[in-house]
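Engineer: My structure is below; once you've seen it, I'll send some questions.
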Amino acid sequence: MRTDGRAPEQKRPVSIETDFVRTAYGSCLIATGNTRVICTASVEETVPPFLKGKGQGWVTAEYAMLPASTMERKKRDGIKKDGRSVEIQRLIGRSLRQAVDLKALGERTITLDCDVLEADGGTRTASITGAMVALTCAVDRMIREKKLLISPIIHQVAAISAGIVGDTPCLDLCYTEDSGAQVDMNFVMNENREFIELQGTGEGRAFSGEELNVLMGYGIKGISELMQAQREALGDRARHIAPKPLLLVATGNEHKLKELQEMFRDYYTLAPMSAAGFFGPIDENASTFAGNAAIKAEAVCAATGFPAIADDSGLCVDALDGEPGVLSARYAGEHGDDNANNDLLLSRMQGKEDRRAYFMCALALKFPGKEPYIAEGRCPGVILHERRGTGGFGYDPLFLYEPMGKTYAEMNETEKNEISHRARAAREMAKIMKKISNGGK
């Protein structure tokens, strides 16, 4: 047992608080034991002179220990930093550049500032682990601000220290252990358990290959745990780490976009067509849902050069000979006027005993130079005499799915995504996507 009660292979408790600095593009406060570091990410729409005109960005870092971060006051770095700070900030920059596709970043610079509030060993490794979180938060903001179409983060990166204290290999040394360690090591790794940087020094004595293997095993275990902590702190923003290939959605409807993002997140990163600078209009002049879906997907793909997916869906009522059908969104004349569309449907259904209807969805997936893939789904139901529920959109308040006894508008997101026409079409499209991802097999 160690002085703080840990077993040799145990890391210190870690906590990561995101968005710690509101003025930064991305930030976090990371604590590993008693070591605490503020990590911030700043974005500049420029690159260093040696990269100008080369179509790629840059990731760099600065590191400093605040005066009261150690037991004895540390002098502030002046214009010329001390050699240790320079070495550490170069390490942080090298490590985080391994996380980013610099060409996908574009000609901009992300600077990661790591300021140590309290030092109790492992400040450089805590800085790298925290900087990864700050970087991801900054990328999330750039995507939301439409400065980036898709995340350039290709790897998750974390770091941890290890060493031999006395004759015992130990993980994540505190200052007391580190200052008297026989062997000092730092591991920087990605999610594939590949080494980005491996620093090992025999401070008091040489070390054997067997001891190195033990320390490496401890390091891999510790970094796996730190990566889980990073993802938990990031929450939904963790999706920006090594994202799936980009697929544009040919819609301006936020409800449809959200549903499709949830349905296809295992295969693609879905973004609205507007994120690629395409706003339409698209002339949907086909007589079928599949035809209109193909028109939209092909238009977005041709205009942007990116793969695109489009949905065309609507309500078909038996007693109205399939109306409103492909005109569902503009049944009352103006596109997307849900209240007017519902009022018109109710008026035309007055006196009708046959209330059977179905929602129909066609999905078209288009890749440059290939014919679109089509998948369709249908959900049966009945048209009510009055609206029920406050969720959903379109005709959802009037469409009753009898097996559940609920309208679409009364269902929660999980329920609707299980039985809806779009969900049924999506399941068919997912089979196509799976086949594509397996090389057509």
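Engineer: Could you work out how far the C-alpha centroid of region 375-421 sits from that of region 200-239, in angstrom?
Structural biologist: So the separation of the two Cα centres works out to 49 Å.
Engineer: Relative to the longest principal axis of the chain, what angle (0 to 90°, nearest 10) does the C-alpha long axis of helix 83-97 take?
Structural biologist: 30
Engineer: If I take every Cα pair under 8 Å that is 6 or more residues apart in the chain, average their sequence separation and divide by the length, what percent do I get for the relative contact order?
Structural biologist: So the answer I get is 11 percent.
Engineer: A further question follows. Write down the percent of antiparallel bridges among all DSSP beta bridges whose residues are both part of the chain, to the nearest 5. Working shown, then result.
Structural biologist: Values: 66 of 80 bridges.
Of all bridge pairs located within the chain, approximately 80 percent are antiparallel.
Engineer: Here is a follow-up. How far is helix 209-234 tilted, in degrees, relative to the longest principal axis of the Cα atoms in the chain, given as a value from 0 to 90 rounded to the nearest 10?
Structural biologist: So the helix axis and the longest Cα principal axis differ by about 40 degrees.
Engineer: Going by how many other Cβ atoms sit within 10 Å of their own, how do SER161, SER208 line up, fewest first? Before the final figure, lay out each step's value.
Structural biologist: Working: SER161 28, SER208 10.
Ranking SER161, SER208 by Cβ neighbours within 10 Å, fewest first, gives SER208, SER161.
Engineer: If you don't mind, another one. Contact order normalised by length for region 246-437, with contacts defined as Cα pairs under 8 Å and 6 or more residues apart; what percent is it?
Structural biologist: Details: 381 pairs, mean separation 36.4, N = 192.
Relative contact order comes out at 19 percent.
Engineer: Pairs of Cα atoms under 8 Å, at least six residues apart: use those to get the relative contact order of region 368-441, whole percent. The partial results should precede the final answer.
Structural biologist: Details: 87 pairs, mean separation 24.0, N = 74.
Computed over region 368-441, the figure is 32 percent.
Engineer: Which whole number in µm²/s is D for region 354-441 by Stokes-Einstein, with the Kirkwood Rh taken over Cα pairs at 20 °C and 1.002 mPa s?
Structural biologist: Values: Rh = 14.2 Å.
My calculation gives 151 µm²/s for D.
Engineer: On a full-extension model of 0.36 nm per residue, what is the gain between GLU44 and ASP354, subtracting their alpha-carbon distance, rounded to one decimal in nm? All intermediate terms of the calculation are to be shown ahead of the outcome.
Structural biologist: Values: separation 310, 0.36 × 310 = 111.60 nm, distance 6.26 nm.
Taking 0.36 nm per residue and subtracting the Cα distance, the gain is 105.3 nm.
Engineer: For region 1-109, count all C-alpha to C-alpha pairs, find those more than 16 Å apart, and express that count as a whole percent of the total. Walk me through the intermediate numbers first.
Structural biologist: Details: 4249 of 5886 pairs.
I get 72 percent for the Cα pairs in region 1-109 exceeding 16 Å.
Engineer: Can you give me the Cα centroid spacing of region 1-36 and region 63-127 in angstrom?
Structural biologist: So the separation of the two Cα centres works out to 16 Å.
Engineer: Nearest 10 degrees, 0 to 90: what angle lies between the long axis of helix 123-144 and the longest principal axis of the chain (Cα atoms)?
Structural biologist: Roughly 20 degrees, rounded to the nearest 10.
Engineer: So which residue, out of ASN213, ASN292, ASN186, gets the largest mean-square fluctuation from a GNM of the chain using Cα contacts under 10 Å as springs?
Structural biologist: Residue with maximal mean-square fluctuation among ASN213, ASN292, ASN186: ASN213.
Engineer: Where nothing but the Cβ of Lys and Arg (+1) and of Asp and Glu (-1) is charged, how large is the charge dipole of region 246-437 around its Cα centre, in debye to the nearest 20?
Structural biologist: Values: 22 positive and 28 negative charges, 122 e Å.
Charge dipole, region 246-437, about its Cα centre: 580 debye, nearest 20.
Engineer: While we're looking at this one, here's another question. Just add up the charged neighbours of GLY277: K/R +1, D/E -1, any other residue whose Cβ is under 15 Å from the Cβ of GLY277.
Structural biologist: Numbers: positive: LYS146, LYS147; negative: GLU145.
Result for the local shell: +1.
Engineer: With Cα extents along the principal axes in Å as the read-out, I listed (i) 73, 64, 43; (ii) 91, 51, 44; (iii) 67, 43, 41; which label goes with the value calculated from this structure?
Structural biologist: Calculated Cα extents along the principal axes in Å: the matching label is (ii).
Engineer: A follow-up question, please. If you build a Gaussian network model of the chain, linking Cα atoms that sit under 10 Å apart, which residue out of ASP19, ASP337, ASP172 swings the most?
Structural biologist: ASP337
Engineer: Okay, moving on. For labels at THR288 and THR70 in the simple 7 Å Cα→Cβ model, what's the distance in nm?
Structural biologist: Label-label distance for THR288 and THR70, simple model: 7.5 nm.
Engineer: DSSP loop GluC sites (Glu not before Pro) in region 71-146 with at most 16 other Cβ atoms within 10 Å of their Cβ, which ones?
Structural biologist: In loop regions of region 71-146 (DSSP not H, G, I, E or B), the sparsely surrounded GluC sites (Glu not before Pro) are GLU72, GLU145.
Engineer: How long are the semi-axes of the equivalent ellipsoid of region 116-182, defined as square roots of 5 times the Cα gyration tensor eigenvalues? Whole Å, largest first. Can you show the working numbers first?
Structural biologist: Values: eigenvalues 252, 30, 5 Å².
Each semi-axis is the square root of five times an eigenvalue, giving 36, 12, 5 Å.
Engineer: Each label point is 7 Å from the Cα along the Cα-to-Cβ direction; what then is the distance between the points at ASP82 and ARG387, in nm?
Structural biologist: Going by the 7 Å Cα→Cβ label model, 6.7 nm.
Engineer: Let me ask another. Tell me, in nm to one decimal, what length is gained between SER179 and ASP167 on full extension, where the rule is 0.36 nm per residue of separation less the Cα-Cα distance?
Structural biologist: Working: separation 12, 0.36 × 12 = 4.32 nm, distance 1.45 nm.
That works out to 2.9 nm of additional length.
Engineer: For the chain, give the magnitude of the charge dipole about the Cα centre (Cβ charges: +1 Lys/Arg, -1 Asp/Glu; no others), in debye to the nearest 20. Before the final figure, lay out the partial values.
Structural biologist: On the way: 55 positive and 61 negative charges, 171 e Å.
The calculation lands at about 820 debye.
Engineer: Another question, if that's okay. From Cα coordinates alone, what are the radius of gyration and Dmax values for region 246-437 in angstrom?
Structural biologist: So, for region 246-437, Rg and Dmax equal 16.3, 51 Å respectively.
Engineer: Which one of PRO49, PRO243, PRO307 has the biggest mean-square fluctuation once the chain is modelled by GNM with Cα springs under 10 Å?
Structural biologist: PRO49
Engineer: Could you please rank ARG84, ARG12, placing first whichever residue has the fewest other Cβ atoms within 10 Å of its Cβ? List each step's numbers first, then the result.
Structural biologist: Numbers: ARG84 12, ARG12 21.
The fewest-first ordering by Cβ neighbours comes to ARG84, ARG12.
Engineer: Another question, then. If one computes the Cα centroid of region 42-56 and of region 304-368, what distance in Å separates the two points?
Structural biologist: 48
Engineer: Given a cut-off of 18 Å, name the pairs among LYS258/LYS435; LYS366/LYS431; LYS146/LYS366; LYS366/LYS435 whose C-alpha atoms lie farther apart than that in the structure shown. Walk me through the numbers before you get to the answer.
Structural biologist: Values: LYS258/LYS435 24 Å; LYS366/LYS431 15 Å; LYS146/LYS366 23 Å; LYS366/LYS435 15 Å.
Checking Cα-Cα distances, LYS258/LYS435; LYS146/LYS366 exceed 18 Å.
Engineer: Count the net charge of all other residues whose Cβ sits under 11 Å from the Cβ of SER15, scoring Lys and Arg as +1 and Asp and Glu as -1. Write down the numbers at each step before the final one.
Structural biologist: Values: positive: ARG12, ARG36; negative: GLU17, GLU232.
Spelling it out: positives minus negatives among the neighbours equals 0.
Engineer: Within a 10 angstrom radius of the beta carbon, how do CYS39, CYS361 rank from fewest other beta carbons to most?
Structural biologist: Values: CYS39 31, CYS361 26.
Listing CYS39, CYS361 from fewest to most nearby Cβ atoms yields CYS361, CYS39.
Engineer: What Kirkwood hydrodynamic radius do you get for region 14-240 when you take the inverse of the mean 1/r over all pairs of distinct Cα atoms, in Å?
Structural biologist: Working: mean 1/r = 0.0560 Å⁻¹.
Evaluated on region 14-240, it is 17.9 Å.
All of the numbers you see were taken from the coordinates with simple rules; none came from a lab. Treat the numbers as computed from the prediction; the structure is a model and nothing was measured. FYI the Cβ positions are ideal-geometry reconstructions off the backbone, even for glycines, and counts take in every protein chain you see.
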